[in-house]
Amino acid sequence: MSDTERLIDLERRIAAIEERGTVFPASRCEPEVLAMKAKELVAVRFGMTMGTIEGRSRTPEVAWARQCAMHLARRFTGLSTPRIGRMFDRDHGTVLWACRTVKEMMATDQAKRRQVWALEDEFEDIVGGRKPKAEIRSPKSWRTATVRNPNADLRSANSGLSGRHV
C-alpha cells in the first residue's frame, strides 16, 4: 500500500470513528501513519504539496521543510532511520543528516527554533499529546555545554606514574 493510499485509508477510518462518536486513539496509531501525518503537517505549514516534500528538489526551502518532517517523524514515532528514509524515498544517512541539521539550526537560529517548536507543538496536538520518543536537549543546554579536553585523560593517567620511566 502506498503512502497516499494509507493516508486516504486513515482519513476514512477517522471519519468513520467521528461519525460513531468515539475518540480516535492516536497513542495506538501505527508509527508509519504518524510519520505520514508529520509530512502532511509540514507540507501544509510550508505551503507545499506532499509531492514536493517527497520529491527530488534540493532548494533550501524544500530541503528545510523535508528535514523538519524527518525530524518530527524521528522524534515522535520511534521509527528507525532506514524506515523513515524509505517513507521519504531517501536512505537512512539522509535522515540522520536531516535530524542533525535541524538540531544545529535550532541551536543557532532563533527563528528556525521557533518554527520547529511550533511544528512540534502542533504535531503533539494532532497526535493527542503523545510524548516524543526521542528527547532532544533544549538549546540552552547546547549553549552551556562544555567541551571535554581530550588531553585531560592522558594527564590524569600519567599522574599516577612514579618518577621512573619504563
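Just so you know, all these numbers are worked out from the coordinates, no wet-lab data involved. Quick caveat: nothing in here was measured; it's all calculated off a predicted structure. Positions of Cβ are backbone-derived with ideal geometry, glycine not excepted, and every protein chain shown enters the neighbour counts.
Things to note:
- Once the chain from ALA118 to ARG100 is taken as fully extended at 0.36 nm per residue, the excess over their C-alpha distance is 4.6 nm.
- Karplus-derived 3J(HN,Hα), 6.51/-1.76/1.60, for each residue of region 36-51, Hz, glycine and proline x: 5, 5, 4, 4, 5, 4, 5, 4, 5, 5, 8, x, 10, 8, 4, x
- Each peptide among 68-78, 39-49 gets the average number of other Cβ atoms lying within 10 Å of its residues, and from highest to lowest they stand as 68-78, 39-49.
- Within straight-line cross-link reach of LYS112, aspartates and glutamates at Cα separation under 13 Å, skipping those fewer than 8 residues along the same chain: GLU61, GLU104, GLU120
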